[in-house]
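The values are calculated or read from the model by the stated rules, or taken from the named source; none is laboratory data. Here the structure is a predicted model, which is why all the values come from computation and not from measurement. So basically every Cβ, Gly included, is an ideal-geometry build from the backbone, and we count neighbours across all protein chains shown. Remember, those area values only see protein heavy atoms, side chains included, never the ligands or the DNA or RNA. Shrake-Rupley method; radii C 1.70, N 1.55, O 1.52, S 1.80 Å.
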Amino acid sequence: MSDRSEAEAIVYQEARLLDLGDWDAWLALYAEDCEYWVPTAPDQTDPKHQVSLFYEDRVLMETRIRRLRHPAAHSLVIPIRTSRVISGVTVAEADGEITAMSSFLMLEQHGERQRMFGGLLTHRLSQEEDGLRIRSKRVDLTNCDTTHEVIEIFI
Amino acid sequence: MQAPSPNGHDDIAELIRPAAVHRRVYTDPEIFALERERLFGRAWLYVGHESQVANKGDFFTTELAGQPVIMVRHSDGAVHVLFNRCGHRGAKVVGERSGRTQAFVCSYHAWSFDTDGTLRHVPAHEGPRAGDFDMRDPCFSMRKLPRCESYRGFVFASLAAEGPDLRSYLGGVLARIDDMVNRAPDDELEVAGGCHKIVQNSNWKIFLENTHDGLHPMSTHKSSIDASRRQGRTLTGPPPFALNVIMANNQTLENMDKLSVHAFDWGHSYMAGFRNPRGEDDVFKEYVAALEAKKGAKRAEEILSINCHNAVFYPNASVQPSFLQMRVIFPISVDRTRIEMWFFRLKGAPEALFERTITYANVVHSPSSLIRPDDVASYDRIQAGLAADGGDWVGQHRDLDRDEILNDGRRSSAISDLSMRNQYRAWLRFMSEDQAA
């Protein structure tokens, strides 16, 4: 099914574009009306009445990108570098909605600090005019409910 | 010149000048250890909110001065704060963050305690083999902290048996708790929405000194201010609440100078607000209607007119009353600090209003906040820079001797260093060896 391989390709491509820091190309993978969610609890169902590590619509995603590019972002005088590994992509289709799930590990280096994030990605995809786009991305981190240092890059 | 050692009253006093503090207060592990004993060991510390233990048997575990404690609702309705420590071999009894129980049972030898810490059952203790063991002896219980008091649901405890009562201790800053609770149509708050948890590689006092720092937003937060303003200009309608929260940091020094800071004994203070806590949307209007229905239009307007940016309950808590946010400080070491952020629902307000509190929480207090990384970069740089022998003294001189003296404290502008000098006045009072709290 071409949709299935296209869905898998988007998951890998998204990871690569984030690692490259190619924000414009990355955002172009997302539908206009999109959502980016990293919950603070496993099985969290409610982003409106429970806090989240990230809960952003396109407006906030674009604002984050503007800050990442800003010359006066003091925390970024030393840039952040990431490397992601995606594995075990499964694609399901139900009621016209395509969902891709995958496991990931993300290595992040910021100056001398190295840290790792990992968990489960859920991409909900929709068929737009020019191909599949990401409607929503949910990141269930293994360390969703622990104490974190600041996080600046999309996970 | 030899720097003063921290042993004894006079040496501690040498670390604090009227308009500067010695850098060792931020960098010396011995001073950190002394703070645990004399400051956190004597002050009233915020523990949690009564709504976190709403039902009999509910418990919530946390740390005070690095010691594990449990806040629990006993069967008679009273709230106790116990040391999380078995009376037998000293094991931490409760492992979970929170829950409900009829008894605390230690996993090691099954010693069983009532929820007020009283030892109730010890397996196989009868007879001569137990020696002089008397299980009624309070030394075998899960002991309560020496003092525990609550103000309008906010529970505080102290590791010291002596000292001013909670109301005397908090003084003028108590009004900021009233500010929060009065906003609820039902005059009650409820902790809700989870908790943000962040760790910073800097001394806890650097964070507290930033709370009323009106000088820093324009420069520190330039990247997030510019990003949110430019984003706002691309939108056809008004900016969403989240963007307005970020943009509001764009305050000129002239604007900040017009905002006041009030400082009180024991290190507390509050600062006037620069973000608009009122909404123009239907949800906020529904909330105002609910508030007016319970309290009348005049009283509702009085309550809603108060705009406080934040308040410090020295030494371990800070609230943002208009947006129902609370920060609790957990110093880990001299250069590492953990902060938990908790949020409140206004009882009697429409549930949709709570969504504003959660949005604010994510934008400002999430580890991924666009605002936070630039603050943390500053704190990290202070901690790193102070390691350099480029000067022993850290200045707090702005508007020195220009404080307005009030009946219950002092007032100055949000670009003065009043709140910092006020915190160190309290610090010195606690840290001086021969003074009881």
message: Residues that are within 14 Å of chain A (Cβ to nearest Cβ) and under 30 Å from the mean Cα position of the chain (by Cα): does the range B:256-270 have at least one?
response: no
message: Looking at the structure I just gave you, is B:Leu174 free of Cβ contacts under 8 Å to residues at least 60 places away in the same chain, in contact with a strand residue (DSSP E or B) (Cβ under 7 Å, 6 or more places away or on another chain) and either in a loop (DSSP other than H, G, I, E, B) or buried (at least 17 other Cβ atoms within 10 Å of the Cβ) (or both)?
response: yes
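Against the definition (under 13 Å from the mean Cα position of the chain (by Cα) and part of a strand (DSSP E or B)), how does A:Met61 come out, yes or no? Steps first, please.
On the way: under 13 Å from the mean Cα position of the chain (by Cα): yes; part of a strand (DSSP E or B): no.
The answer is no for A:Met61.
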statement: The correct count of residues that are touching a residue at least 12 places away in the same chain (Cβ under 8 Å), surrounded by fewer than 22 Cβ atoms within 10 Å (Cβ to Cβ) and not in a loop (DSSP other than H, G, I, E, B) in the range B:279-307 is 11
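Could you pull out the residue among A:Ser103, A:Ser136 that is in contact with a Gly (Cβ under 6 Å, 6 or more places away or on another chain) and under 20 Å from A:Arg16 (Cα atoms)?
On the way: A:Ser136 fails: in contact with a Gly (Cβ under 6 Å, 6 or more places away or on another chain).
The match here is A:Ser103.
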query: Assuming A:His49 fulfils every condition listed in (1) assigned to a loop (DSSP other than H, G, I, E, B); (2) open to solvent by 30 Å² or more (accessible area, probe 1.4 Å); (3) at the interface with chain B (Cβ under 7 Å from one of its Cβ atoms); (4) closer than 21 Å to B:Met247 by Cβ apart from one, which condition is it?
result: (4)
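If I go through the range B:353-411 residue by residue, how many of them are part of a loop (DSSP other than H, G, I, E, B) and either within 8 Å of another protein chain (Cβ to nearest Cβ) or farther than 30 Å from B:Pro18 by Cα (or both)?
First pass over the range B:353-411, keeping only residues part of a loop (DSSP other than H, G, I, E, B): B:366-371, B:386-392, B:396-403, B:406-409.
Those left that are additionally either within 8 Å of another protein chain (Cβ to nearest Cβ) or farther than 30 Å from B:Pro18 by Cα (or both): B:366-371.
Count: 6.
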- prompt: So, of the residues in the range B:120-131 that are closer than 21 Å to B:His74 by Cβ and of a type outside the set (D, E, K, R), which turns out to be least open to solvent (accessible area, probe 1.4 Å)?
  reply: B:Val122
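Answer with yes or no whether B:Gly8 is at pLDDT below 95, over 22 Å from B:Ala388 (Cα atoms) and of a type outside the set (S, T, N, Q).
Working: at pLDDT below 95: yes; over 22 Å from B:Ala388 (Cα atoms): yes; of a type outside the set (S, T, N, Q): yes.
Spelling it out, B:Gly8 is indeed at pLDDT below 95, over 22 Å from B:Ala388 (Cα atoms) and of a type outside the set (S, T, N, Q).
Out of B:Arg167, B:Arg176, B:Arg152, report the one residue that is under 18 Å from the mean Cα position of the chain (by Cα) and within 30 Å of B:Pro373 (Cβ to Cβ). Write out each step before concluding.
Details: B:Arg167 fails: within 30 Å of B:Pro373 (Cβ to Cβ); B:Arg152 fails: within 30 Å of B:Pro373 (Cβ to Cβ).
Answer to the selection: B:Arg176.
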message: Condition first: open to solvent by 20 Å² or more (accessible area, probe 1.4 Å), acidic (Asp, Glu) and more than 14 Å from every other protein chain (Cβ to nearest Cβ). Can you find one or more residues in the range A:75-96 that meet it?
response: yes
query: Has the range B:332-352 got any residue that is farther than 25 Å from B:Leu259 by Cβ and hydroxyl-bearing (Ser, Thr, Tyr)?
result: yes
- request: Test B:His80 against the criterion of being open to solvent by less than 50 Å² (accessible area, probe 1.4 Å) and at pLDDT 95 or above, and give yes or no.
  value: yes
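Just a yes or no: is a residue in the range B:337-345 under 15 Å from the mean Cα position of the chain (by Cα) and farther than 18 Å from B:Phe207 by Cα?
Residues of the range B:337-345 that are under 15 Å from the mean Cα position of the chain (by Cα), as a first pass: B:337-344.
From what's left, farther than 18 Å from B:Phe207 by Cα: B:343-344.
Scanning the range B:337-345 turns up at least one residue that is under 15 Å from the mean Cα position of the chain (by Cα) and farther than 18 Å from B:Phe207 by Cα.
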- request: State whether one or more residues within the range A:42-56 are within 22 Å of B:Asp375 (Cβ to Cβ) and without any contact (Cβ under 8 Å) to a residue 12 or more places away in the chain.
  value: yes
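On the phi > 0 side of the Ramachandran plot and among the basic types (Lys, Arg), is that true of B:Arg152?
Against the criterion (on the phi > 0 side of the Ramachandran plot and among the basic types (Lys, Arg)), B:Arg152 qualifies.
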field: Extreme residue, nearest to the other protein chains (Cβ to nearest Cβ), among residues of the range A:126-139 that are open to solvent by less than 40 Å² (accessible area, probe 1.4 Å) and farther than 22 Å from B:Ile371 by Cβ
entry: A:Lys137
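Quick one: would you say B:Asn276 is within 30 Å of B:Gln423 (Cα to Cα), within 14 Å of chain A (Cβ to nearest Cβ), open to solvent by 50 Å² or more (accessible area, probe 1.4 Å) and in a loop (DSSP other than H, G, I, E, B)? Explain how you work it out, then say what you get.
Working: within 30 Å of B:Gln423 (Cα to Cα): yes; within 14 Å of chain A (Cβ to nearest Cβ): no; open to solvent by 50 Å² or more (accessible area, probe 1.4 Å): yes; in a loop (DSSP other than H, G, I, E, B): yes.
Taking the combined requirement at face value, the residue does not satisfy it.
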message: Can you tell me how many residues within the range A:18-35 are within 13 Å of A:Ile65 (Cα to Cα) and either in contact with a Phe, Trp or Tyr (Cβ under 7 Å, 6 or more places away or on another chain) or assigned to a loop (DSSP other than H, G, I, E, B) (or both)?
response: 3
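Residue by residue through the range B:238-249, note down the ones that are free of Cβ contacts under 8 Å to residues at least 60 places away in the same chain and either within 13 Å of another protein chain (Cβ to nearest Cβ) or closer than 30 Å to B:Asn407 by Cβ (or both). First the steps, then the outcome.
First, pick out the residues of the range B:238-249 that are free of Cβ contacts under 8 Å to residues at least 60 places away in the same chain: B:238-240, B:243-244, B:247-248.
B:Pro238, B:Pro239, B:Pro240, B:Leu243, B:Asn244, B:Met247, listed by residue number.
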Cross-chain or 6+ apart pairs with Cβ under 6 Å, the range B:373-384 first and touching a residue at least 40 places away in the same chain (Cβ under 8 Å), then surrounded by fewer than 19 Cβ atoms within 10 Å (Cβ to Cβ) and not in a helix (DSSP H, G or I): B:Asp380/B:Asn201
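Quick grid of which residues meet (1) surrounded by fewer than 12 Cβ atoms within 10 Å (Cβ to Cβ); (2) aromatic (Phe, Trp, Tyr):
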| site | (1), (2) |
| --- | --- |
| B:Gly66 | no, no |
| B:Gly90 | yes, no |
| B:Val94 | no, no |
| B:Val105 | no, no |
| B:His109 | no, no |
| B:Thr118 | no, no |
| B:Arg136 | yes, no |
| B:Arg147 | no, no |
| B:Tyr151 | no, yes |
field: Checking B:Thr62 against (1) part of a strand (DSSP E or B); (2) open to solvent by 30 Å² or more (accessible area, probe 1.4 Å); (3) of a type in the set (S, T, N, Q), the condition it does not meet
entry: (2)
field: Sole residue being touching a residue at least 60 places away in the same chain (Cβ under 8 Å) and surrounded by 22 or more Cβ atoms within 10 Å (Cβ to Cβ), chosen from B:Phe156, B:Phe207
entry: B:Phe156
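Scan the range B:177-200 for residues that are within 14 Å of another protein chain (Cβ to nearest Cβ) and either outside any strand (DSSP E or B) or of a type outside the set (Lys, Arg) (or both) and report the count.
Narrowing the range B:177-200 to residues within 14 Å of another protein chain (Cβ to nearest Cβ): B:190-200.
The next check asks that each one be either outside any strand (DSSP E or B) or of a type outside the set (Lys, Arg) (or both); those that pass are B:190-196, B:198-200.
Here the count works out to 10.
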